[in-house]
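In what follows, a structure is listed as structure tokens, so that the remarks can point back to it.
The values are calculated or read from the model by the stated rules, or taken from the named source; none is laboratory data. For clarity, every value in this text was computed on a predicted model and none was experimentally measured. A quick note on method: Cβ atoms are made from the backbone with ideal geometry, for glycine too, and the neighbour counts reach across all protein chains shown.
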Amino acid sequence: MERDELLRNRDRLRATLTELEEQLSAELAVEGIVQACSILDSLDFNGIVIEKAESEQRLRDLDEAIQQQLVRQTRAADKLDAIGGDSAVARIDAERRTALLEIEEKAVRYIELKLGVMCKRLADRLRIWA
């Protein structure tokens, strides 16, 4: 009985290993585990760690800028509320909302572009080492 259990366990481990090898090969877009290991062996993990830290710092900076913009927005909204309700207030509020939407769209676009550049750099590295 113990031998059967060991054989089942071995078969389970082999199946898991095969699945992981296939997954790694698919993620790296290579033919097999040998190529995947070759790519991974040639990666500059220190460089990737540094790039990751720089990217995280840029994202923190962007988050801070967004927070500052939200503070300015809140202050502007408070000033508008203090003015009262006439058509000038509505027009100013509409302009404020439009400006905020533009800021948000540009912030999102900036982040998308930065992530795209990062992905491109990583893809280029992987192609160089492939």
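Quick one: in segment 1-35, of everything that is among the acidic types (D, E) and in a helix (DSSP H, G or I), which residue is modelled with the lowest pLDDT?
Among those residues, the one meeting the criterion is E27.
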- Selected residue [in the same structural domain as L17 (by TED's automatic domain parsing), surrounded by 10 or more Cβ atoms within 10 Å (Cβ to Cβ) and in a helix (DSSP H, G or I)] from S55, S38: S38
- Task: Look at segment 45-104 and say how many of its residues are under 23 Å from R121 (Cβ atoms) and charged (D, E, K, R).
- Result: 8
- Query: Using beta carbons and a limit of 8 Å, which pairs, at least six apart or on different chains, have the first residue in segment 106-130 and touching a residue at least 60 places away in the same chain (Cβ under 8 Å) and closer than 27 Å to A26 by Cβ and the second one of a type in the set (D, E, K, R) and surrounded by 11 or more Cβ atoms within 10 Å (Cβ to Cβ)?
  - Reply: M118/E51; R121/E51; R125/D44
